[in-house]
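Asks: Below is a structure I'd like to ask you about.
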Amino acid sequence: MHPEATGDLTNLLYDIALASKVISGYVRRAGLVDVLGAFGARNVQGEEQQKLDVIANETVKQAIGFTGRVCVMASEEEGDPVPVPAERNPGKYVLLYDPLDGSSNIDVNVSIGTIFSIHKRATPGNGPGTLADCMQVGRDQIAAGYVIYGSSTVLVYSVGHGVHLFTLDPTIGEFRLLNHDIQTPPVGKFYSVNESYYQRWTEGYRRVVQMFKGVEDPQQRKNARYIGSLVADFHRNLLAGGVFMYPADSKSPKGKLRLQYEANPLAFIAEQAGGKATDGARRILDIEPEELHQRTPLIIGSTSDVDFVMQTVTEVDAATVT
């Protein structure tokens, strides 16, 4: 079917799966081997790093950086890209990743995860990759996915031909396919948002939440589900249907989530499963990145729910301005 295929992308996905098995082992033993708690430093985002943040980041780098399949990597935990040295035979792919999303939940045993995005290199030649390779638009991703470390370890990924779900079988140490074509419901029953930020939102998002509570029309009511771990909230809504909202607000007018490490890969998965993702004005996958650690608002989930949110916000905020 793909005569030009070399197997390198398949092997890169296997490398990511291998790294996730190692991270999963650390997560399961977290309370026993002194990897809980703060590391004592802050990352480039200004956030306090957890010990497992650092371990997960190094695990991914060691599992993938010397395989000859990537030319450069960029992590949410590091300020600059990590190019693969020429002597390590840089490959043709670019890996962007959040090594441990939801790490603030580590100490209380809430589900956390690894999110990844894969591009083909943009720069010519076969030397080390550069920042330009990491600054590609989301629609040019060739693969994306995430791993959740919870009651089981789950891998979800897409290479542009549907979304596939695997669960790690601890008896054999391998991921087993459970669903080869996830389709998210067009309308969901859940909404996920941190309502403690209610006073920071525009009137449009306040109205949306009131409508989802059934205040104006009981038929519009949805159930609130918010874990505080993006990858876990997204995964639930992907399977059961619903919408996750992290809009811009008065404190974070440019949004809070990272475009390259979180929004783009999850938007790729959402669209492949029949869903939708926007920053409130644009399709996430069409946003041209201007900086490596760029932040963005994110409204993502079932197509009808995302459309409803954006239509309501647009109408209410327009009326409020006038």
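Just so you know, all these numbers are worked out from the coordinates, no wet-lab data involved. These figures come from a predicted structure and were not determined experimentally. As a convention, Cβ positions derive from the backbone with ideal geometry for all residues, glycine included, and neighbour counts pool all protein chains shown.
Asks: With each label point set 7 Å from Cα along the Cα-Cβ vector, what nm distance links residue 89 and residue 206?
Replies: My value for the distance between the label points is 6.1 nm.
Asks: Tell me, what is the percent relative contact order of the chain, built from C-alpha pairs under 8 Å that lie six or more residues apart? Spell out each step's value before the answer.
Replies: On the way: 700 pairs, mean separation 48.1, N = 322.
About 15 percent, as a whole number.
Asks: Just want the ordering: 176, 69, 225, 282, from fewest to most Cβ atoms lying within 10 Å of their own Cβ.
Replies: If I rank by nearby Cβ atoms, fewest first, I get 176, 282, 225, 69.
Asks: Let me ask something additional. Å³ per residue of the Cα convex hull, for the range 190-321?
Replies: Numbers: hull volume 13.9 nm³, N = 132.
Enclosed volume per residue, from the Cα hull, is 105 Å³.
Asks: For the chain, give the magnitude of the charge dipole about the Cα centre (Cβ charges: +1 Lys/Arg, -1 Asp/Glu; no others), in debye to the nearest 20.
Replies: Values: 30 positive and 38 negative charges, 99 e Å.
Dipole size: approximately 480 debye.
Asks: Sorting check: for 16-24, 134-142, which peptide has the highest mean count of neighbouring beta carbons within 10 Å, and how do the rest follow? Could the numbers behind the result be given before it?
Replies: Values: 16-24: 20.9, 134-142: 18.6.
Listed from highest to lowest mean packing, they are 16-24, 134-142.
Asks: Along the charge dipole of the chain, Cβ charges K/R +1 and D/E -1, which of 184, 265, 67 sits furthest on the positive end?
Replies: The listed residue farthest towards the positive side: 184.
Asks: Using a simple charge model, +1 on the beta-carbon of Lys and Arg, -1 on the beta-carbon of Asp and Glu, nothing else, what dipole does the range 8-179 show about its Cα centre, in debye to the nearest 20? Working shown, then result.
Replies: Details: 13 positive and 19 negative charges, 97 e Å.
About 460 debye.
Asks: Additional query: Pull out the extension gain between residue 224 and residue 195, defined as 0.36 nm times the separation in residues minus the alpha carbon to alpha carbon distance; nm, one decimal.
Replies: Numbers: separation 29, 0.36 × 29 = 10.44 nm, distance 0.98 nm.
That pair, residue 224 and residue 195, stretches by 9.5 nm at full extension.
Asks: Using Cα atoms only, what is the angle between the long axis of helix 203-212 and the major principal axis of the chain, expressed in degrees (0 to 90) to the nearest 10?
Replies: 90
Asks: Short version: ³J(HN,Hα) in whole Hz for each residue of the range 115-123, in order, from phi by Karplus 6.51 cos²θ - 1.76 cosθ + 1.60 (θ = phi - 60°), x for Gly and Pro, what are they?
Replies: 10, 9, 9, 10, 10, 7, 4, 9, 7
Asks: Here's something else I'd like to know. Specify the residue with the greatest mean-square fluctuation among 126, 109, 264, computed from a Gaussian network of the chain linking alpha-carbon atoms under 10 Å apart.
Replies: 126
Asks: Which lysines have a Cα less than 17 Å from the Cα of residue 120, not counting those fewer than 8 places away in the same chain?
Replies: Answer for residue 120, where 17 Å is the Cα cut-off: 92, listed by chain and number.
Asks: Cut-off under 23 Å on the C-alpha distance; same-chain residues fewer than 8 positions from residue 254 excluded. Which lysines are left, in chain and number order?
Replies: Counting by Cα, and skipping residues close in sequence, residue 254 has these lysines nearby: 276.
Asks: Right, another one. Which residue, 56, 263, 132, tops the fluctuation ranking in a GNM of the chain built on C-alpha contacts under 10 Å?
Replies: Among 56, 263, 132, the largest GNM mean-square fluctuation belongs to 132.
Asks: Just to confirm the number: angle between the C-alpha axis of helix 230-240 and the first principal axis of the chain, 0 to 90 degrees, nearest 10?
Replies: Orientation of helix 230-240: about 70 degrees from the principal axis.
Asks: Straight-line reach from residue 51: which lysines have Cα under 27 Å away, leaving out those fewer than 8 places along the same chain?
Replies: Within reach: 21, 61, 256.
Asks: Using a Förster distance of 25 angstrom, determine the FRET efficiency expected from the C-beta separation of residue 282 and residue 178, and round it to 0.05.
Replies: 0.15
Asks: Provide the three semi-axes, in whole Å and in decreasing order, of the ellipsoid equivalent to the chain as defined by the square roots of 5 times the Cα gyration tensor eigenvalues.
Replies: Value: 32, 22, 20 Å, ordered largest first.
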